[in-house]
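A.B. asks: Before we start, here is the structure in question, set down as structure tokens.
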Amino acid sequence: MSLQSPFKTGPASPHTTREDANSVMSSDSGSARRLREVTGTSNQTTTSGPTDDTIVEAEGEKSPKVISYRKKLPQQPSPDRDNAMYDEEHFASTKYRLASMRRNVEFHQTFKQLDLTDRLLDDYSCAMSREILLQGRLYISGMYVCFNSNLLGWVTNLVIKMDEIVNIERKSTAGLFPNGIAIDTENNKYTFASFISRDATFDLLVTAWHLAGGPPKRLIDTSSSSTESAATANSEPKSPRIENYLMSLDGDDNTTTSDESMMSAPDTKTRKFNKTCGFSNHGPDTHAPTEPEVKPIDKEIVLFDETIDAPLGVTFAVLFDQNNTFHRQFLEDHDGSEFTEYSAFDPETNTRSYTYQKALNYSIGPKSTRCEVVETIYNLDYDSYIEVESVTRTPDVPSGNSFAVHTRYILSWGDDNSTDFRLSFYIKWTGSSWIKGMIEKSSLSGQQAAADDLLKALRKEIDQDTYVTGAADDSGATKPSADTAKESEKATAQPSRHVTTTTTTVRHELSGPLLAALTLVVLMITVLLVIEWQNYIMLRETMKLMPTEKILVMRE
Ligand code: HC3
């Protein structure tokens, strides 16, 4: 009996450590195993732990898989949850208890590739939306969200690592039933429906996700295909993707749209990037308002404090996404040229840098200056606020080496899933200058003009690159904005689910009776023609049989 440590990776969570899980013997028989939970001393473990270890044993025909843990907590009756279902141990410091060891073993037998130190928290009956709704179970552990379905021998296993998840949101199935959950990774969207208690599942999911790190605290997609989620169906070729299909409970939801996000609206109004715009929102689509934890800086001038009608992650992506399309275009439109490559945000220092030439239109001083920019992300929390500071040095202007212009971008959540965007700046002097006043005045007017334009350009860009979703439920309550006309224009131009459904219904109502009437007319004409044809044939045959005189007589 081999009892070596099976762990390839580090411990999954603070409550189940590598030391806790001291032995594993695995079998690849794959056959269903009867499980039993044994409490008490066992000679099957070599650990020198306490004598009241909990041993969970999976019995198979061949070598069984045994996971034993030294941890043993005193058995306490639980008023709210069934003891057979849950361990007494809580998940981190949350209200949630770990699933019982028996369920944990079943979980690891279903998903064999997982880190064995990872503990199951709970599992739920639900259906995953694929070509059809796949009925199965969703498993939530400290490190993974998994789904297993076994329909008539067609086994589907999906494993999503918590740290690959970029967003989790409630979904309304078929736009009506509030019982769905959507999980987004960078490249995929997985939709689950038919939960018995969607909100309880959602709460645990989000708690586990946040404890595992929550939304990625990074800006850049350093790896283009960063999702490593294993979506494998035993009976189909290995594909890293499980495409998202329309979540259809009633079977009437066929649509030709390629944008799955359009298919089911979240519960509240928000904005999402169009699939082709090149930006992606790494934060949630919806959030309650937040307060940025930033201190005012001496001599800081607020250029604006405005609301942008888009989630925090959308606004941030447009302003600072690695592709720089918007950023660079904006500076180009403001007399910028000869840009160097923007370096990627360094994950260590959270900074990136670039330089460009800026034309100046002052009666004195140079006609242009080199701008050396270093941007630092001081805070990037999609659930709270984002703070970026850009420091621009202009060495070519008089006293250019004695100061730097600091521009602060502070983004937080506003009302109705919008972004509160506060732009401010201050000049940091590192040396003396006899034209300090002139520089400060010129910088202020230059910054003010740029800020006004930035606001306009940002709103325009977001309007172009996003669509409004989740507004169907409260369309009457949608607050009017300057962009409303364009939004509705887009809604009709885009292949949205609602538009498709409506069109189909209308077409059926009009063409149905017309088609029936037309068919009837064609049928009647056909019957008449057939009767006439038969009469003609009969007459001809009769005439053939008759003697010629008789025909003549008849003719007379
Ligand atoms: C060139 C500038 C300082 C830098 C200012 C920057 C480039 C700072 C970053 C912002 O994102 C955009 C921006 C807008 C205005 C820019 C200022 C305009 C004038 C100022 C010079 C230092 C003034 C020099 C004036 C004079 C008379 C000495 O030449």
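No value in this document is a laboratory result; all are computed from the given coordinates. Please read all numbers here as calculations on a predicted model, not as lab measurements. So basically every Cβ, Gly included, is an ideal-geometry build from the backbone, and we count neighbours across all protein chains shown.
A.B. asks: Given Cβ point charges of +1 (Lys, Arg) and -1 (Asp, Glu) and nothing else, what value in debye, to the nearest 20, does the dipole of segment 287-410 about its Cα centre take?
C.D. replies: Values: 9 positive and 22 negative charges, 122 e Å.
It works out to roughly 580 debye.
A.B. asks: Let me ask you something else. Counting other beta carbons within 10 Å of each Cβ, put PHE91, PHE345 in order, fewest first.
C.D. replies: With the sparsest Cβ surroundings first, the list reads PHE345, PHE91.
A.B. asks: Between TYR362 and VAL530, what length in nm is gained on full extension when 0.36 nm per residue of separation is reduced by their alpha carbon distance?
C.D. replies: Computed gain between TYR362 and VAL530 is 51.1 nm.
A.B. asks: Moving on. Seen from all sides and averaged, what is the projected area of the convex hull of the Cα atoms in segment 408-450, in nm²? Provide the component values of the computation, followed by the final result.
C.D. replies: Working: hull surface 15.5 nm².
Here the figure is 3.9 nm², rounded to one decimal.
A.B. asks: Follow-up. Counting C-alpha atoms alone, how compact is segment 320-382: give Rg to one decimal and Dmax as a whole number, in angstrom.
C.D. replies: Rg and Dmax of segment 320-382, Cα atoms, are 13.7, 44 Å.
A.B. asks: A follow-up question, please. Return TYR382, TYR354, TYR124 ranked ascending by Cβ neighbour count within 10 Å, so the fewest neighbours appear first.
C.D. replies: Result, fewest neighbours first: TYR354, TYR124, TYR382.
A.B. asks: Please tell me which of these pairs span more than 19 angstrom C-alpha to C-alpha: LYS161/LYS269; LYS358/LYS460; LYS161/LYS189?
C.D. replies: Result: LYS161/LYS269; LYS358/LYS460 exceed 19 Å.
A.B. asks: Here's a follow-up. Report ³J(HN,Hα) in whole Hz for each residue of segment 276-293, in order, from the Karplus equation J = 6.51 cos²θ - 1.76 cosθ + 1.60 where θ = phi - 60°; Gly and Pro get x.
C.D. replies: Ordered by residue, 3J(HN,Hα) equals 9, 6, x, 9, 9, 8, 8, x, x, 7, 10, 6, 6, x, 10, 10, x, 9 Hz.
A.B. asks: Where in segment 124-189 are there GluC sites (Glu not before Pro) that are in a DSSP coil and have at most 14 other Cβ atoms within 10 angstrom of their Cβ?
C.D. replies: Passing sites in segment 124-189 are GLU131.
A.B. asks: Okay, moving on. PHE147: net charge of surrounding residues, Cβ under 13 Å, Lys/Arg +1, Asp/Glu -1, itself excluded?
C.D. replies: Charge balance in the 13 Å sphere: +1.
A.B. asks: Cβ under 12 Å from SER353's Cβ, SER353 left aside: what net charge do those residues give with Lys, Arg +1 and Asp, Glu -1?
C.D. replies: Its environment carries a net charge of -2.
A.B. asks: Using mean Cβ contacts within 10 Å as the protection proxy, how do 115-123, 425-433, 206-214 order, highest first?
C.D. replies: Output ranking for 115-123, 425-433, 206-214: 115-123, 206-214, 425-433.
A.B. asks: Each residue of segment 432-443 in turn: what ³J(HN,Hα) in whole Hz from Karplus with 6.51, -1.76, 1.60 and θ = phi - 60°, glycine and Pro shown as x?
C.D. replies: The phi angles translate into 8, 8, 7, 10, 3, x, 5, 5, 5, 5, 5, 5 Hz.
A.B. asks: While we're here: How large is ³J(HN,Hα) for each residue in segment 297-304, as worked out from phi by the Karplus curve 6.51 cos²θ - 1.76 cosθ + 1.60 (θ = phi - 60°), to whole Hz, x for Gly and Pro?
C.D. replies: Karplus values, whole Hz, x for Gly and Pro: 10, 3, 6, 6, 10, 7, 7, 6.
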